[in-house]
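Comments concern the structure below.
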């Protein structure tokens, strides 16, 4: 009874770091020694809906890819912040089932249930949150989430929305390669230039950083948000599907379960080829078997074009960083696909330095996110990350041309101001179209949002003067504010995102997810505390029937009574901390009783319970 | 001159790049939003605004040309877009060559490449001239002329390069 260890120190809840990957996700935290550590294992970024409508995420959902392929989704990160027109290529290669009404926001069908990509990602995040809470033994409310450096505004916003829907306050979005640099920087050089090559499941990033006395200054970044290990899988799949057709005389590409089994076999063979010269793609389906040997030279020939597609952004990045390749001191490899020997060889050739592979390429991003969480929590004071925006920001001007306001590779937060006026007499609103991209024509850039400056007092054309401030914050997300220069007053701005959810839609999803969250941390804690209270109470009541009880003084007996009553009073309070406090109080009150019982060896009433455990 | 003020620097055209970098890193450590996660909304906004200003200032001041343009603008001196008179003849010839290339006459290519190289050399020369002029506080008018010239040449190089690229890919 006297050995309960309850920490009543109301320590601020921890900030976790989350790597929300295309294929796998991970959560990490900074431990008390100041080292980042992974909490629980890899969570596959797969979400599935059961026949009864329950949503599963992680390993369970991955298994459902075979058993319930039509109600299961993987690689949803490829759809984050994208519109229907953007994902046509994806739809050819991935079994995404797009629901009706996906014109403004993409919706995915899982049987009778429909979810947007941020909602699907929120299920993965919620799973990570629960894992982290179980590992830490306390609620988790705040997180740093990583995104590909080359993610645009809409993709970042969608990731932030996913966090909010999962009940997380997303304190910061950190670029994946930068996070990796933070993880590596812990015990590495103090000064120098480092390149981070990050080839993940579905995205490719290259970032070049200058390290200086704990400051990680990103000089330039480049990448491709549609390039990764998935693409290698597709090449192998295409060969295998053709093979199977000629061997079995049967096209299995329409059979979801067979395709998923084959995909699993292909990935297994691909992964083995990073370590052995030959591997076998081995598929068993409905009593039939397909086996095909594949060797490294064949794999290399197949993937050379994919690897080449990563080299051009690397060269552009070096040029943008305004450095010579010889100035790069180290290259860090991140992402599962960097285990492939050809990738390593090509990177070594381009950067003329042997790349670092000491840290697990699957874990390094999550570890770095935990370091950034430590920086935000104030636990890490000597490090500071200065990141950049990957794409130029501009507004549409006459003739469909783009006027650039903030150039790519500008350190963020970055801002620009522009004064707008009216073009016709009596005009009361001005529409501003914001785009992201490097091209000169609006149609070649990505539409980001339309901002409507409303409520301009009617006056002659050209007399209104509205100053608009475009600010890209530390998350790489655009904020727009406007001020009427004549009155000095803040001006209202109505935002219409070109892709993605409105604030109202996100709010509705948060509400819905709260109602449905059955694994709520607090509820679980209350149940656990009640179970413990039950055990302590029955042990105490049994002890009160022992002769030892009557050896206590009146005050001691009254104290036990009081503590027992108070525990009963708070039992249904739904406040697990209070219940635990009262358990502790009862523990103290019964301490002497327990000693007497044990000392006199009168009975084993207490030993038999779990109370002392 | 806010960009100088925010970095705690005297408003001068000649800047020591190491000193500028040092000031920028110091101020970033102090003001970066990362340091204000647990602060109130007003303080967070202040940190965001300060850091955005610091970043904008550093980006502008570390580049000699952007720095000079900013400096002149703050002094109320406007740059012009007119062609520098001493270049008129060369630009005329250049445009003829560009027309020939556009018309499919590949013989203009080597001449254009030579012209591009010559203009690039001029760019480097103007950069060196600017560095010298920065040391003279009375040289604002000369700096303005040099910046105009530089901007004009830089656009020429860009246009020629673009045209050379277009016709390579055809």
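The values are calculated or read from the model by the stated rules, or taken from the named source; none is laboratory data. Predicted model only: the values in this text are computed from it and were never measured. Here the Cβ is made from the backbone with ideal geometry for all residues, glycine too, and neighbour counts use every protein chain on show.
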Test residue A:243 against the stated conditions and say whether it is farther than 18 Å from residue A:372 by Cβ, assigned to a helix (DSSP H, G or I) and within 28 Å of the chain's Cα centre (by Cα).
no
If residue A:339 passes every condition in (1) under 29 Å from residue A:407 (Cβ atoms); (2) crowded, with 17+ Cβ neighbours inside 10 Å but one, which one does it miss?
(1)
Reported set for segment B:74-122 where residues are under 13 Å from residue B:160 (Cβ atoms) and touching a residue at least 60 places away in the same chain (Cβ under 8 Å) is B:91, B:94, B:98, B:101, B:102
Residues of segment A:419-438 being touching a strand residue (DSSP E or B) at 6+ places or on another chain (Cβ under 6 Å) and either within 16 Å of residue A:153 (Cα to Cα) or within 14 Å of chain B (Cβ to nearest Cβ) (or both), which ones?
A:433, A:434, A:435, A:436, A:437
The correct count of residues that are more than 8 Å from chain B (Cβ to nearest Cβ) and assigned to a loop (DSSP other than H, G, I, E, B) in segment A:406-418 is 3
Has segment A:362-371 got any residue that is surrounded by fewer than 24 Cβ atoms within 10 Å (Cβ to Cβ) and at negative phi?
yes
Among the residues of segment A:374-405, count how many are more than 10 Å from chain B (Cβ to nearest Cβ) and assigned to a loop (DSSP other than H, G, I, E, B).
6
Working only within segment B:7-24, note down all residues that are within 13 Å of chain A (Cβ to nearest Cβ) and on the phi > 0 side of the Ramachandran plot.
none
Just give me the residues in segment B:25-49 being touching a residue at least 24 places away in the same chain (Cβ under 8 Å) and facing chain A (nearest Cβ under 9 Å), in sequence order.
B:28
Count - residues of segment A:544-563 that are surrounded by 18 or more Cβ atoms within 10 Å (Cβ to Cβ) and farther than 13 Å from residue A:595 by Cβ
4
I need the full set of residues from segment A:282-323 which are more than 23 Å from residue A:204 (Cβ to Cβ) and without any contact (Cβ under 8 Å) to a residue 40 or more places away in the chain, in order please.
A:282, A:284, A:285, A:286, A:287, A:289, A:291, A:293, A:295, A:297
Of A:371, A:364, the only residue that is touching a residue at least 40 places away in the same chain (Cβ under 8 Å), closer than 24 Å to residue A:214 by Cα and within 14 Å of another protein chain (Cβ to nearest Cβ) is A:371
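Specify which of the listed residues (B:101, B:112, B:130) is buried (at least 16 other Cβ atoms within 10 Å of the Cβ) and farther than 19 Å from residue B:87 by Cβ. Write out each step before concluding.
On the way: B:112 fails: farther than 19 Å from residue B:87 by Cβ; B:130 fails: farther than 19 Å from residue B:87 by Cβ.
None of the other options fit; the residue is B:101.
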Residue check: is residue B:66 within 14 Å of chain A (Cβ to nearest Cβ), surrounded by 19 or more Cβ atoms within 10 Å (Cβ to Cβ) and at pLDDT 90 or above?
no
Can you give me the number of residues within segment A:385-400 that are surrounded by fewer than 19 Cβ atoms within 10 Å (Cβ to Cβ) and either in contact with a helix residue (DSSP H, G or I) (Cβ under 7 Å, 6 or more places away or on another chain) or within 30 Å of residue A:217 (Cα to Cα) (or both)?
1
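Yes/no per residue for (1) in the same structural domain as residue B:15 (by TED's automatic domain parsing); (2) within 25 Å of the chain's Cα centre (by Cα); (3) part of a helix (DSSP H, G or I):
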site	(1), (2), (3)
B:35	yes, no, yes
B:43	yes, no, yes
B:53	yes, yes, yes
B:72	no, yes, yes
B:80	no, yes, no
B:93	no, no, yes
Filtered residues of segment A:439-476 (kept if within 14 Å of chain B (Cβ to nearest Cβ), outside any strand (DSSP E or B) and under 26 Å from residue A:158 (Cβ atoms)):
A:439, A:473, A:474, A:475, A:476
Let me confirm something: among A:170, A:174, which residue is surrounded by 24 or more Cβ atoms within 10 Å (Cβ to Cβ) and closer than 27 Å to residue A:204 by Cβ?
A:174
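Inspect segment A:416-423 for any residue being touching a helix residue (DSSP H, G or I) at 6+ places or on another chain (Cβ under 9 Å), crowded, with 16+ Cβ neighbours inside 10 Å, at pLDDT 90 or above and in the same structural domain as residue A:479 (by TED's automatic domain parsing) and give the result as yes or no.
Yes: one or more hits.
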